[in-house]
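See structure below.
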Amino acid sequence: MKKLVLVALCLISLSLSAQNTLTFDWGNTTNYLAHGRTLSADQACFQPGIYYSFSKGPTISAWFSLPYDRSFKALDEWDIIVSDSHNMVKDRNWNINAHWYVNYWYLPVNNDVDYQDFYQGMKYNAGVHFPYKFSGESPLTVTAGYDFYYYHQVGRDVGIRPGGIHEFLIKFNKSIKKTPFEAKTVISNNRGAVSYGINPGWAYVSQHLSCSINLKHVSLRPSINYQWTLESTIHKDNLLYFGLNIGKSIKL
């Protein structure tokens, strides 16, 4: 816990000393899914976050997932994330985007013992996306991409099998009457990471539809998501879930 407090103090110190972008986000989701399985026992969650982005550097984030039903507080999750993204080609119509993040996650409550304890672990990501923009008055952008994720636990045994996850995506972005829309399909191949109960293989196919609505003081991002769960995952049911994010960015 002391380490988490020190990281938070570092975040505050950085935000006071640099002139970049600070973003606040209040996420809401009817089910918290990650890599094919629910991490909220199919419960609705609110997911606040704070993101500090350097103009020429990484983004440092503090993010939380908390079930609305507080009888499920053992499923609370706190995350510290450092991420970065670079466009490798300067062209009007196409690009190569390379990106990565390092994610320390922390579960503050553990009901396996009669006093408060915690679980913790690490997650890493590296990926490359290839966006192509079709010319036109309201251009359509099509992006194909690949991402690799690696999990491992830290400290107490969480039952996590160290291993990787491969995800492939295709997404479409287009503005309709000045409102940006995004449609995305993701397919995942899980090599057994996250749980010993997961058999390595193709894990799920999911589809996501969202739009961004810019209001006077905040931005809204509603989304609808559907996952076809395949045989290799621990969660056997197909899942439909919804999200709504409310965000505000400030230039410092």
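The values are calculated or read from the model by the stated rules, or taken from the named source; none is laboratory data. No experiment lies behind these values; they were computed from the predicted model shown. With ideal geometry, Cβ positions are generated from the backbone for all residues, glycine too; neighbour counts draw on all protein chains shown.
The table that follows gives values for the structure above.
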| quantity | calculated |
| --- | --- |
| Candidate set: the range 156-190, residues that are surrounded by fewer than 16 Cβ atoms within 10 Å (Cβ to Cβ) and part of a loop (DSSP other than H, G, I, E, B); chosen: the one farthest from the chain's Cα centre (by Cα) | K177 |
| Only one of Y226, Y241 that is of a type in the set (F, W, Y), under 27 Å from Y150 (Cβ atoms), in contact (Cβ under 8 Å) with a residue 60 or more places away in the chain and touching a strand residue (DSSP E or B) at 6+ places or on another chain (Cβ under 7 Å) | Y241 |
| Only listed residue being without any contact (Cβ under 8 Å) to a residue 40 or more places away in the chain, under 22 Å from T233 (Cβ atoms) and not in a strand (DSSP E or B), chosen from S40, S65, S71 | S40 |
| Residue among S206, S195 that alone is buried (at least 16 other Cβ atoms within 10 Å of the Cβ), over 17 Å from the mean Cα position of the chain (by Cα), polar (S, T, N, Q) and under 20 Å from R37 (Cβ atoms) | S195 |
| Restricting the range 135-155 to residues that are surrounded by 13 or more Cβ atoms within 10 Å (Cβ to Cβ) and not in a strand (DSSP E or B), the residue that is modelled with the highest pLDDT | L140 |
| Subset of the range 214-245 [surrounded by fewer than 17 Cβ atoms within 10 Å (Cβ to Cβ) and among the aliphatic types (A, V, I, L, M)] | L215, V218, L220, I224, I234, L240, L244 |
| Residue selected from the range 31-68 under the condition among the aliphatic types (A, V, I, L, M) and at pLDDT 95 or above, by the criterion nearest to Q19 (Cα to Cα) | I60 |
| Residue among L75, L16, L9 that is farther than 25 Å from H129 by Cα, modelled with pLDDT under 95, of a type outside the set (V, I, T) and in contact with a strand residue (DSSP E or B) (Cβ under 9 Å, 6 or more places away or on another chain) | L75 |
| Any chance G121 is surrounded by fewer than 16 Cβ atoms within 10 Å (Cβ to Cβ), without any contact (Cβ under 8 Å) to a residue 60 or more places away in the chain and not acidic (D, E) | no |
| Residue match in the range 45-58 (condition: farther than 26 Å from K251 by Cβ and either in contact with a helix residue (DSSP H, G or I) (Cβ under 9 Å, 6 or more places away or on another chain) or of a type in the set (A, V, I, L, M) (or both)) | yes |
| Residue ID - farthest from N245 (Cα to Cα), chosen from residues in the range 74-90 that are part of a strand (DSSP E or B) and of a type in the set (D, E) | D84 |
